[in-house]
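Comments concern the structure below.
Each reported figure results from applying straightforward, stated rules to the coordinates on display, with no laboratory input. The shown structure was predicted, so the numbers you read here are calculated from the model rather than taken from an experiment. When we count neighbours, we look across all protein chains shown, and the Cβ atoms used for this are built from the backbone with ideal geometry, even at glycine.
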Amino acid sequence: MKLVECVPNFSEGRDKSVIDEISKRIKSLEGVVLLDVDSGIDTNRTVMTMVGDPKSISNAAFEAIKAASDLIDMSKHHGSHSRIGATDVCPIIPISEISINECIDLSENLAKRVGEELNIPVFLYEKSAKDLNRVNLANIRKGEYEGLAQKLNDIKWKPDFGPSTFNKKSGATVIGVRDFLIAYNINLNTTNVRIATDIAFEIREKGRSKRKPNPKSPILLDGEIIRDKRGAPIKKSGLFKDVKAVGWYVDEFKCAQISINFNNYKKSTIHEVFDKVCELANERGVRVTGSELVGLIPLDAMLMAGNFFLSKQRSSNGIPENDIINIVTQSLGLNDVMPFDPRKKIIEYAIKGQKNNLMDMKVSNLLDEFSRKSIAPGGGSASAIVGAFGASLCSMVAAISYEKYKSDKLKNKMLKIGNDSQKLMKSLSFYVDEDSNAFKKTIKVSKLPEENEELKKTKFNEIAKANKYSAEIPLNVAKNCRDLLRVAKLLSIEGYVPSLCDVNVASELLMSGIKGAVSNVKVNIPNIKDKLYIKRLETEIKCITKESELLLSEINHNFIESFNSDEL
């Protein structure tokens, strides 16, 4: 499914009725999920995050911009954040199965509609920009709302869409496609904005003017600017690429804050910047007291940070994802400024949270769900759950072995086994719900209309695809469980001996998962008409079963042998 994120920034962070009305307009539209609403009193700004299919996102963005133009009067707006309009900026970000060029077309169509129907000047920026001078948002914002009327009189700043005349009430809007941006703030235990600004200049890519150290102050801003022969300041690049940063005072927290934008969080990571800010703060006699995310963050940014901090602790990262997120939350102090809820702040979790997934249920509720008189969830989902339990035990033994062993060689082996177990556990967890979804899809396509030959053909093809997919899911469950038996065999040979009973239990669970999954493949075969496809399925399940039985036998043998070990 094509999925797009849109993060409009509105110049209102204090009037709850205005914020609620804009949110209400977005929520009223189908095909869009409003994931986050983040308001700042001092900045007088609200950032809303929504995801959906391209058409729905375009409609929702337009309605939100229209609502802001109706409800916000820029002539009365004051706040610490740069802005040029009621909807200051409206970024569009590709999430899945959609290209940058498709998103650029989407941004242009939205900008055209805003300009023509709402009479708001619109500038295209970032990847949508038609002019190199408009790629950087800061260039477009220069002079802000107060200088907008004069800016629009300059032919160089003719809007890409909409009128060139000044819209006193709504100002202007910037629309464009960009990569995923992380907005992140770090708090300091000082009210001195110069210290925050000094650190911001050090970390941002743009850098600063070089200065001579001031023996009376650790703040570089207090030193004399170093100039070239012509008297121009000599510039020094900042420490991190694709990072923007400013320092300001936040009355809400009664402290100075460094506000940071990561334009490429994979090139300059949130954890490396945080650690550097801690170091720079310490050099200036202050401390970091916590940090906060404005809007959402991708899961892989959190996992990258988790692996970084675990590595520094010399701990295994082959642990549950929730534990890794918890380590990042504590390490970055994400709960120290504002409450941090991963289910709402991590984009993948936020999207997932809109659905009722089996794996998110309490065990008692999950058992109730399986015991009801409904066909789904059924044996296929149960087989995946059993396999996931086996994976979790393998991960546990790998983690214990990692902590117990002194040898780097053995530690690295257990680290790999732990990571492999976690990946396969996550895959099996996905198939728990997907097995039920596949069955529901089969039921749905069986009800498609067939009034004419074309519709009959469409229905026949859709049913064929659905039946094959219903067989592929349990086949993948069996493959995952087989792969985990390979992992379990390694653990039965090199794992920490007192934990080998858990490896044996895991292997029995995995074998049950394989047998259940193979049964579900077989039950779907009669519904498939493609003989070559059936032959492939039958060959694969035969090979999986044979190899798995051999692996289980070897693991059981190794477990029995472990009783003779002096370590047990």
### Message
What lysines does residue 522 reach when the alpha-carbon gap must be under 19 Å and sequence neighbours fewer than 8 apart in one chain are set aside?
### Response
440, 441, 465, 468, 479, 531, 535, 542, 546
### Task
Read phi for every residue in segment 281-292 and hand back ³J(HN,Hα) as whole Hz from Karplus 6.51 cos²θ - 1.76 cosθ + 1.60, θ = phi - 60°, with x for Gly and Pro.
5, 4, 4, 9, x, 10, 10, 7, 10, x, 9, 9
### Query
Which pairs in the list 241/411; 66/142; 2/423 are over 27 Å apart, alpha-carbon to alpha-carbon?
241/411
### Task
Enumerate by residue number the GluC sites (Glu not before Pro) in segment 190-296 meeting two conditions: DSSP loop (anything except H, G, I, E, B), and at most 13 other Cβ atoms within 10 Å of the site's Cβ.
224, 252
### Task
Can you bin segment 356-562 into rounded, prolate or oblate? Criterion: square roots of the alpha carbon gyration tensor eigenvalues sorted a ≥ b ≥ c, rounded for a/c under 1.5, prolate for a/b above b/c, oblate for the rest.
prolate
### Helical contribution to [θ] at 222 nm, DSSP H n ≥ 4, -39,500 (n - 2.57), averaged over the chain, rounded to 500
-17500 deg cm²/dmol
### Summary
Percent relative contact order for the chain, counting Cα pairs under 8 Å at least six residues apart, stands at 10
### Message
Shape verdict for segment 301-399, please, from the Cα gyration tensor: rounded (a/c under 1.5), prolate (a/b greater than b/c) or oblate.
### Response
oblate
## Note on the structure
Helix 379-404: inclination vs the chain longest Cα principal axis, degrees, rounded to 10, gives 70
### Query
When you take every Cα atom in segment 312-469, what is the radius of gyration, and what is Dmax, the widest Cα pair distance, in Å?
21.1, 71
### Message
Amide H of residue 297 versus every other amide H placed in the peptide plane: which residues, excluding those fewer than 5 positions away on the same chain, fall under 5 Å?
### Response
346, 347
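Does segment 182-351 come out rounded, prolate or oblate, given a ≥ b ≥ c as the square roots of the eigenvalues of its C-alpha gyration tensor, rounded meaning a/c under 1.5 and, failing that, prolate meaning a/b above b/c? Kindly include the intermediate steps, with their values, before the conclusion.
Values: a/c = 2.16, a/b = 1.88, b/c = 1.15.
Verdict is prolate for segment 182-351.
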### Message
In segment 495-514, whose amide N lies under 11 Å from the spot 7 Å out along Cα-to-Cβ of residue 559? List them in ranges.
### Response
500-511
### Query
Which angle between 0 and 90 degrees, to the nearest 10, do you get for helix 321-332 versus the longest principal axis of the chain when only C-alpha atoms count?
30
### Task
May I ask for the angle, rounded to the nearest 10°, between helix 100-118 and the longest principal axis of the chain, with both axes built from Cα atoms and the value confined to 0 to 90°?
50
#### Entry: Sorted peptide list for 22-31, 79-88, criterion being average Cβ within 10 angstrom, highest first
79-88, 22-31
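Report the relative contact order of segment 1-96, percent, no decimals, based on alpha-carbon pairs under 8 angstrom and at least 6 residues apart.
On the way: 196 pairs, mean separation 42.0, N = 96.
Averaging sequence separation for qualifying contacts and normalising by length gives 44 percent for segment 1-96.
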#### Entry: Residues residue 312 and residue 156, FRET efficiency given R0 of 60 Å [Cβ-Cβ distance, rounded to 0.05]
0.75
### Query
How are the Cα pair distances of the chain distributed, in percent, across 10 Å bins from 0?
3, 14, 20, 21, 18, 13, 7, 2, 0
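When only C-alpha pairs under 8 Å and at least 6 residues apart count, what is the relative contact order of segment 193-297, in percent? Walk me through the numbers before you get to the answer.
Working: 170 pairs, mean separation 29.0, N = 105.
In percent, rounded to a whole number, it is 28.
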